Every structure is written in C-alpha cells, then in structure tokens.
Amino acid sequence: MSKLINLISMGAGEVAPEDIKAYQQIGGFEALKKAMSMSPAQIVEEVKAAKLLGRGGAAFPLGIKWEHLLHIEGEPKYIVCNADEGEPGTFKDRFVLRQVPLRLFEGIAIAGYVFNSPKAYIYLRGEYRDLKEKLLSIIDKAKSAGFLGKNILGSNYSLEIEIISGAGAYICGENSALLNSTEGKVGRPRIKPPHLAEVGLFQMPTLVNNVESLAAIPEILLLGGQRYLELGHPDSGGSKLISLAGHCLQRGIYEIPLGRLTLRDIIFDPELGGGIADGKKLKFFHLGGQSGAIGHPDQLDTVYSYTDLRAAGLSVGSGAVVVMDESVSILEYLKAVNEFFIHESCGKCVPCREGNRQIHKILDRLLIPGAATRTDLATLRRLIDTMTAASFCGLGQTAAVAISTAWKHFKSEFEANVVDGPEHYKLAVG
Amino acid sequence: MQKISGDNFISEIVQKHNNDPQQLTSILHDVQEASGQNYVAEPWARQIAELLQTPISHVYEVLTFYSMFSTEPKGKVLIEICNSAPCRFNRSHELLAWCKEELGIGVGEITPDGEFGIAYTSCVGACDVSPSLKIGEDVYGNLNRSKLTQLINSFRENRPELREPLICQN
C-alpha cells in the first residue's frame with residue numbers, strides 16, 4: 001500500500017492545470033457548490049473539525065482563525081493568499097501553483113464566500129513571476145466558467161482575484177509585512193496588536209492564509225471535517241506536502257498523511273526519499289525551513305506530526321526536509337543558514353539585524369583552529385537567547401533555532417577549535 | 001548598453017499598471033526588464049514617482065528594499081545562482097566555477113560587453129533540481145558542465161530553442 005496520500009495533489013501531473021472540465025471530472029468545484037449551499041458558520045465548523053494547522057509554517061489552527069474573522073465587524077473583508085514561499089528547501093507552493101492551481105482558486109472562492117469578500121489577492125513571490133501570466137489566464141477561464149468573478153455559480157456572490165508580485169524579500173512571508181508589500185509599500189512587519197483579522201489590508205479585516213492551507217479547503221468540505229481529521233493525526237488533520245531536498249536520492253514533493261510516517265520513512269523509503277545519494281551516510285536533517293530545527297539520525301524514528309515533532313524538539317514548519325550527508329560540516333552549514341538571515345533581515349529591529357551579524361563572526365572563528373575561546377561560545381549563547389526573546393517578528397525570533405538545535409547534537413564540532421580563554425571568561429555554557 | 005524601446009517606455013509601463021501605486025513592484029519589475037541591463041536608473045525612478053504622484057523617496061525605499069531590484073546595471077543576461085544552504089551543499093559552487101570559466105567574471109561582475117552578469121540569490125524554490133540557476137523569470141535545473149555551456153551559448157547566439165528544453169517545468 002502506498003505511504004502517500006492524494007488530497008491536495010489529486011490530479012497533479014495527470015490533469016492539465018488549466019483544464020477546468022478535467023478538474024471537474026475529478027470532483028473539482030463540487031466543494032464550492034457544497035459550500036454555497038451551507039452557511040458561513042457551518043463551513044467554519046467543518047474547517048475547525050478538520051483541525052487543519054496553517055501550512056505556511058506557523059501552524060496556527062485555521063478554523064480558529066476563520067471563526068475569529070467571521071465575528072469581526074467591518075466590510076469589506078479581504079482574502080490574501082500568501083504565495084511568498086521563501087523558506088530555502090521549500091517548493092511545495094510552487095507545486096500547487098503549477099500543478100493544481102484550480103484547487104487553490106476553489107479554496108480561495110470558498111474562503112471568499114465565507115467572509116463575503118469582494119476581492120482576494122495572491123501575493124506571489126518575485127521568484128515565481130514566470131507563473132503569473134499562466135495563473136491569470138487560468139483565473140480568466142474559471143471566471144468564464146462561472147466559478148470566479150461575477151455571480152459565482154449564478155448566485156449574488158462575486159469575487160475578483162488579483163495577483164501581486166513580490167520582489168525578493170523573505171520577510172514578506174511574515175503576514176503583516178506581506179500586507180504592507182501588497183499595499184505597494186516596503187515589506188516590513190507591523191506591530192501587533194491590532195491583529196490582522198481586525199486591521200489588515202488597507203486597514204480592513206483580512207484573512208491571510210498560505211497556498212497549501214487554502215488548497216486543502218475543498219477536500220475538507222467534500223470529505224467533511226471529521227473524516228479529514230481521521231486521515232491525519234488526532235491533533236492535526238489531513239495531509240502535508242513535504243519538500244524533500246538535499247542529499248537524498250529522490251528529491252521532490254510528496255503528500256503524506258500526518259501522523260502515519262516516521263522521518264526514516266520520509267528520507268529512506270523507496271517510495272519517498274530513497275536514502276542518501278552516492279552511498280554516503282546521513283549526518284543531519286533540517287526540518288521546516290531555515291528557521292526550523294536541525295535533527296540528528298538518532299531522531300529518525302520520530303513520527304511526522306505536529307505533536308510528535310514538537311515533543312522531539314523539531315517542527316513541521318513549511319514542510320521542508322533538507323537532508324545532508326556526512327561530508328557536510330555542521331558549522332559551514334550553519335554559516336550558510338546564518339548568511340541567509342543576514343541577507344533577509346529587514347533591518348527594522350536591532351536584535352535581528354545585529355545579532356545575526358555577530359553570530360556570523362563567531363561561527364567564522366569557530367571554524368579556525370585556536371581562533372575561538374569559550375567566551376565566544378558564551379557570547380553565542382547570549383546572542384541566541386537575546387534574538388529569540390527580543391526580536392520584533394518571527395524572522396529574528398527563529399533565526400537561531402538551527403544553531404541552538406545543532407549545538408546540542410554536534411557539541412564536539414562546536415568545541416573542536418575552541419581554546420580556553422582567561423580564567424574569568426570561563427563561563428559555563430552548553 | 002541595450003537601447004531601450006522608445007522614449008516613453010516608463011509612462012507606457014506605468015499606464016499598463018493603471019497608474020496604480022499599489023502596483024509599484026510590478027512596475028519596477030517591468031522597467032527593470034525593459035532596461036536591458038536589469039536595473040532602474042534614477043531618472044526613470046523620478047519619472048515613475050511623478051506618474052504615480054508619490055514621493056521619489058517612496059520609490060527609492062521600495063527599489064532598494066527588495067533584493068530583486070537594482071539601481072546599478074547588472075548585465076543584460078543576469079545569471080542568478082542560489083546561495084541558500086540546500087543548494088550551497090548541492091554543487092552550486094561548481095556551477096559558479098563553471099560560469100566563471102565560461103564568462104571570465106565573478107559574482108557581482110559584468111562582462112565588458114555588458115552581455116552577462118553573475119549574482120547570488122536566495123532560494124528560488126528549485127531545490128529539487130539543484131544545481132540550478134535563474135535567468136530572467138526562468139529556472140534552469142539539473143545542470144552539468146555541458147548543459148551550462150549550451151545555456152550560455154543560447155544567449156550568445158540568440159537561439160532560445162537551445163535553452164527551452166533546460167527550463168525547469170516542475
């Protein structure tokens with residue numbers, strides 16, 4: 001029996017992405033029809049029952065978010081689809097946009113109907129601009145077929161979808177920065193509260209959901225929230241798209257049921273990763289994006305679910321699984337991660353802007369025999385703690401997760417080049 | 001430098017986006033593409049600001065915030081190599097070395113004729129086909145030495161049919 005599941009990916013590679021008739025033949029737009037025979041509150045109940053956790057990385061329960069917005073007053077309410085997939089090692093939203101865009105549009109239309117939104121925006125990362133024209137033409141086709149645009153399915157409800165181009169800024173994946181960018185401003189995060197559900201795009205109540213989350217909605221309505229939940233883990237229903245990259249044999253996108261497979265299955269099963277390339281050994285894996293935790297081969301039997309990974313100090317995050325073999329130096333890898341965050345820090349707050357730079361200096365020294373002292377390790381620890389506690393947004397708060405988790409697993413590599421400094425600097429670390 | 005099509009290209013582009021300040025990033029993308037050198041020069045930025053009736057400081061703030069925009073010429077064919085961790089440990093350094101061999105320039109440099117430039121980029125979401133690079137809007141994946149030569153020659157000889165099979169469709 002296959003270890004994989006086909007909810008979001010149903011029809012991918014078989015049905016032409018722009019073919020509306022073919023999409024309908026595999027059940028496309030049935031969920032929208034069903035939704036429009038239900039009340040918004042009933043739809044929200046199904047989404048809540050499904051226990052869908054936000055698939056962009058923050059894992060906030062989607063049903064709770066929807067319920068909250070439903071009770072907020074103010075019109076219009078906007079729908080914003082976060083397609084600013086920027087976590088290195090993640091390419092699952094590109095898969096959805098390229099292979100099954102109609103499922104995403106159907107999810108957006110259902111969300112639009114729930115909140116009676118006149119307009120939805122798709123914030124498409126600049127690196128995916130090659131998809132924009134194609135997506136616009138598919139939106140036009142869906143409009144002509146009556147599934148988007150004016151008077152959807154002959155009802156009084158109308159929804160326009162606009163695509164906004166990003167321009168290469170990881171920070172715009174942060175929902176408030178994304179809204180600023182959608183408004184044509186620079187993508188720096190906003191202070192919260194107010195919550196975006198209350199004061200969002202153009203100061204109006206706004207729903208911001210990830211591509212994969214919205215694309216999961218049609219199947220939740222077709223199956224019913226309870227059945228969708230049962231396909232996954234009791235705490236987090238349904239499936240997750242995994243982006244498998246790095247040194248495994250079969251890189252790519254896999255849709256897996258949550259709570260059914262272990263990390264070993266994902267990396268080594270012939271149906272998924274197929275093991276490590278070139279006959280080498282696994283050294284570590286990096287889950288959920290650059291802001292996620294680094295895992296050790298000892299943790300391979302951890303079940304891939306939000307609950308189990310969290311208990312093991314790991315996380316689902318964006319669904320990235322970056323596999324690295326024994327030839328990779330953990331400190332060199334962490335330097336690459338750190339350089340990414342130096343480049344992507346928006347510069348708004350000091351802990352993130354400066355913290356990342358100072359960490360870089362220490363990582364550099366740790367790579368040179370005799371250049372680092374135990375003081376450096378103590379400073380590194382302090383920098384990590386400060387950034388985690390005091391950064392303005394999620395970017396800075398999570399930028400050092402990889403370092404602190406890797407430090408636990410590869411203590412000897414961290415300390416290999418360290419010499420003892422003066423006695424009074426010998427701070428207890430690690 | 002590539003001659004820009006027509007003197008009114010800025011106003012044409014801004015008009016295409018309905019003179020909508022919300023579309024500033026899309027406008028800057030289009031201007032950069034039309035520039036033939038992957039950048040937005042100051043006079044153009046001023047013209048955009050006037051047409052959108054927005055302060056020049058706002059246009060510059062956006063222009064300098066996003067890493068896909070440049071205020072300096074970057075070459076007609078800008079080769080962007082992913083420098084994020086999953087690619088960096090998957091032979092992207094070899095890819096860069098091959099590009100250097102082919103073009104005789106390094107990262108952040110432009111060939112003397114202005115035809116090619118090389119730059120690093122953060123993840124372009126093509127980790128499943130690395131080593132890969134991005135030129136314009138297209139990603140070219142699973143590259144090796146000979147495919148890279150073919151790709152670069154397709155631009156030198158203006159033969160798009162040579163590079164089309166290399167474009168990543170995943």
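Taken over region A:35-52, the residue count meeting the criterion of being open to solvent by 20 Å² or more (accessible area, probe 1.4 Å) and in contact with a strand residue (DSSP E or B) (Cβ under 9 Å, 6 or more places away or on another chain) is 2.
Condition check ((1) among the hydrophobic types (A, V, I, L, M, F, W, C); (2) within 13 Å of chain A (Cβ to nearest Cβ); (3) not in a loop (DSSP other than H, G, I, E, B)) across all residues:
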{"residue": "B:32", "(1), (2), (3)": "no, yes, yes"}
{"residue": "B:44", "(1), (2), (3)": "yes, no, yes"}
{"residue": "B:48", "(1), (2), (3)": "yes, yes, yes"}
{"residue": "B:58", "(1), (2), (3)": "no, yes, yes"}
{"residue": "B:64", "(1), (2), (3)": "no, yes, yes"}
{"residue": "B:67", "(1), (2), (3)": "no, yes, no"}
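Residues that are open to solvent by 10 Å² or more (accessible area, probe 1.4 Å) and polar (S, T, N, Q) do occur in region B:49-56.
Among residues that are in a helix (DSSP H, G or I), in contact with a helix residue (DSSP H, G or I) (Cβ under 8 Å, 6 or more places away or on another chain), closer than 23 Å to residue A:239 by Cα and basic (Lys, Arg), residue A:94 is included. Cβ separations smaller than 9 Å between residues 6+ apart or across chains give the following pairs from region A:406-419 residues that are open to solvent by 30 Å² or more (accessible area, probe 1.4 Å) to residues that are of a type in the set (A, V, I, L, M) and part of a loop (DSSP other than H, G, I, E, B): A:417/A:367; A:417/A:368; A:417/A:371; A:419/A:371. The set of residues in region A:312-339 being in a helix (DSSP H, G or I) and open to solvent by less than 10 Å² (accessible area, probe 1.4 Å) consists of A:330, A:331, A:333, A:334, A:336, A:337, A:338. Scanning region B:83-108 for residues that are among the aromatic types (Phe, Trp, Tyr) and open to solvent by 40 Å² or more (accessible area, probe 1.4 Å) yields one hit, B:89.
When each of A:75, A:87, A:67, A:127 is tested for being more than 13 Å from chain B (Cβ to nearest Cβ) and either in contact (Cβ under 8 Å) with a residue 24 or more places away in the chain or open to solvent by less than 50 Å² (accessible area, probe 1.4 Å) (or both), the lone residue that passes is A:75. Mind checking whether some residue in region B:48-62 is within 14 Å of residue B:13 (Cβ to Cβ), in contact (Cβ under 8 Å) with a residue 24 or more places away in the chain and touching a strand residue (DSSP E or B) at 6+ places or on another chain (Cβ under 8 Å)? Taking every residue of region B:48-62 in turn, none turns out to be within 14 Å of residue B:13 (Cβ to Cβ), in contact (Cβ under 8 Å) with a residue 24 or more places away in the chain and touching a strand residue (DSSP E or B) at 6+ places or on another chain (Cβ under 8 Å). Scanning region A:164-201 for residues that are more than 9 Å from every other protein chain (Cβ to nearest Cβ) and touching a strand residue (DSSP E or B) at 6+ places or on another chain (Cβ under 9 Å) gives A:173, A:175, A:176, A:178, A:179, A:196, A:197, A:198, A:199, A:200, A:201. Comparison of A:134, A:119, A:92 shows that the only residue that is in contact (Cβ under 8 Å) with a residue 40 or more places away in the chain and open to solvent by less than 10 Å² (accessible area, probe 1.4 Å) is A:92.
Filter region A:228-240 for residues that are outside any helix (DSSP H, G or I) and open to solvent by 10 Å² or more (accessible area, probe 1.4 Å); which is nearest to residue A:61 (Cα to Cα)? Of everything passing the filter in region A:228-240, A:235 is nearest to residue A:61 (Cα to Cα). Listed by position, the strands (runs of 3 or more DSSP E) contained in region A:112-227 that have at least 2 residues being aliphatic (A, V, I, L, M) and under 19 Å from the mean Cα position of the chain (by Cα) are A:119-124, A:206-210.
How about region B:136-152: which of its residues are more than 11 Å from chain A (Cβ to nearest Cβ) and either open to solvent by 10 Å² or more (accessible area, probe 1.4 Å) or in contact with a His (Cβ under 6 Å, 6 or more places away or on another chain) (or both)? Of everything in region B:136-152, those that are more than 11 Å from chain A (Cβ to nearest Cβ) and either open to solvent by 10 Å² or more (accessible area, probe 1.4 Å) or in contact with a His (Cβ under 6 Å, 6 or more places away or on another chain) (or both) turn out to be B:144, B:145, B:146, B:147, B:149, B:150.
The values are calculated or read from the model by the stated rules, or taken from the named source; none is laboratory data. Since this is a predicted model, take the numbers as computed values, not measurements. Glycine gets a Cβ as well: all are built from the backbone with ideal geometry, and neighbour counts include every protein chain shown. These area figures cover heavy atoms from the full protein model, side chains too; ligands, DNA and RNA do not enter into them. Shrake-Rupley method; radii C 1.70, N 1.55, O 1.52, S 1.80 Å.
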